[in-house]
Amino acid sequence: MSVIAIFIIWLFLLLLSVPVGFSLIVVAFLYFVTGDWNLVYASGAKLISGIDSFALLAVPFFILTGSLMNSSGITDRIFNFARSLVGHFTGGMGHVNIMASLMFSGMSGSALADAGG
């Protein structure tokens, strides 16, 4: 079945007031049933290869670092220090937030977050 036919079926389902999620499921099922089964077999490998990235390991470790810093009280010290530096300016809490983000990214080794801060 061609992509155009699948798209027309999807639009027809939307015109029948079928919810978007269900219509996408129906269209995907029709595509896999009428199409090439190699796509079905390759989809598992594609799914795993999408999350099998060394860079994605940084996300849970960054969250773990923040949780450890929060439970040990370092975050309160960082915010108090940043408040003492820039809290007296107009919009002080915004400045304090940026300063605390710069300090946290500097401690965690995130140079891009430090530059974007």
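The numbers here are math on the coordinates, done by the rules we state, and not lab data. Predicted, not measured: the structure shown is a model, and the values here were computed from it. Note that we place each Cβ from the backbone using ideal geometry, even for glycine, and neighbour counts take in every protein chain shown.
Using the rule -39500 (n - 2.57) for each DSSP H run of four or more residues, divided by the residues of the chain, the 222 nm mean residue ellipticity is -25500 deg cm²/dmol.
The orientation-averaged shadow of the Cα convex hull for the chain, equal to a quarter of the hull surface, comes to 12.8 nm². Pair-distance distribution P(r) for segment 3-52, from all Cα-Cα distances in 5 Å bins starting at 0: 4, 20, 22, 18, 16, 13, 5, 1 percent. Measuring from centroid to centroid over Cα atoms, what is the spacing of segment 53-115 and segment 1-17 in Å? Centre-to-centre (Cα) distance: 48 Å. Here the gap between SER84 and TYR41, fully extended at 0.36 nm per residue and compared with their Cα-Cα distance, gives a gain of 9.6 nm. When the chain is treated as a GNM with alpha-carbon contacts under 10 Å, the residue of ALA42, ALA82, ALA58 showing the greatest mean-square fluctuation is ALA42. When the chymotrypsin sites (Phe, Trp or Tyr not before Pro) in segment 74-110 are filtered for DSSP coil states and for at most 13 other beta-carbon atoms within 10 Å of their beta-carbon, the remaining sites are PHE89. Relative to the longest principal axis of the Cα atoms of the chain, the long axis of helix 38-51 makes an angle of roughly 0 degrees. Coupling constants for segment 99-106 follow from the phi torsions by the Karplus curve (6.51 cos²θ - 1.76 cosθ + 1.60, θ = phi - 60°), and in residue order they are 4, 5, 5, 4, 5, 5, 5, x Hz; glycine and proline get x. For the residues GLY91, GLY106, GLY21, a GNM of the chain with alpha-carbon springs under 10 Å puts the largest fluctuation on GLY21. Over segment 56-116, the ratio between the Cα radius of gyration and 2.2 N^0.38 Å evaluates to 1.17.
Comparing LEU30, LEU16, LEU56 in a Gaussian network model of the chain where C-alpha atoms under 10 Å apart are linked, the largest mean-square fluctuation is found at LEU16.
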